[in-house]
Amino acid sequence: MGESAGGGLAAGLVLRARDRQFAPPVAKQILVYPMLDDRTVTDPTGGLAVFDINDVVTGWAAYLGKLYKTEAIPAEAAPARIADVTGLPPLYLDVGQLDLFLRKDLAFVNKCVAAGLPVEFHLYVGVPHPFQRFAPASRGLPHAKE
């Protein structure tokens, strides 16, 4: 399990666990607005994200070093690059509509769905990356009285 860059690291660990046949196998991947793709270089939110695309680029460059902007990046480091997701455990993924990672996360979800993996996906409308931190004590809307 992980969120943001930690979600990308968790997804990479799941790939390694599958490929090296860890025992026991990973039971589930729980990814919360994960940072999966080093090729993220534009802001699809129209400037509504809570941080700048330059922060994303800086993060990937710091993490990947000399490999950044090359095709030598292993999928364990940037899980969106994985071609074959068969054999991965079930996926749970949350992401906000105004998250810089939404499109890349959706592509990963779609890849998992196409491979027949059990997937639970939640898109939170109108919220940015790390949306739950803005109102940690909120309990949602009260139930309507009948």
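Of the residues R139, R133, only one is surrounded by fewer than 13 Cβ atoms within 10 Å (Cβ to Cβ), part of a helix (DSSP H, G or I), at pLDDT below 95 and out of contact with any Pro (no Cβ under 6 Å at 6 or more places or on another chain); which?
Going through R139, R133 in turn, just one is surrounded by fewer than 13 Cβ atoms within 10 Å (Cβ to Cβ), part of a helix (DSSP H, G or I), at pLDDT below 95 and out of contact with any Pro (no Cβ under 6 Å at 6 or more places or on another chain): R133.
Find the residue count for the range 44-67, including only residues that are surrounded by fewer than 16 Cβ atoms within 10 Å (Cβ to Cβ) and in a loop (DSSP other than H, G, I, E, B).
6
Could you list, ordered by first residue, the pairs with Cβ atoms under 8 Å in which the first is in the range 43-57 and farther than 14 Å from P130 by Cα and of a type in the set (D, E) and the second is at pLDDT below 85 and part of a loop (DSSP other than H, G, I, E, B), at least 6 apart or interchain?
D43/A49
The values are calculated or read from the model by the stated rules, or taken from the named source; none is laboratory data. None of these values were measured; they are calculated from a predicted model. All Cβ positions, even for glycine, are placed from backbone atoms using ideal geometry, and neighbour counts span all protein chains on display.
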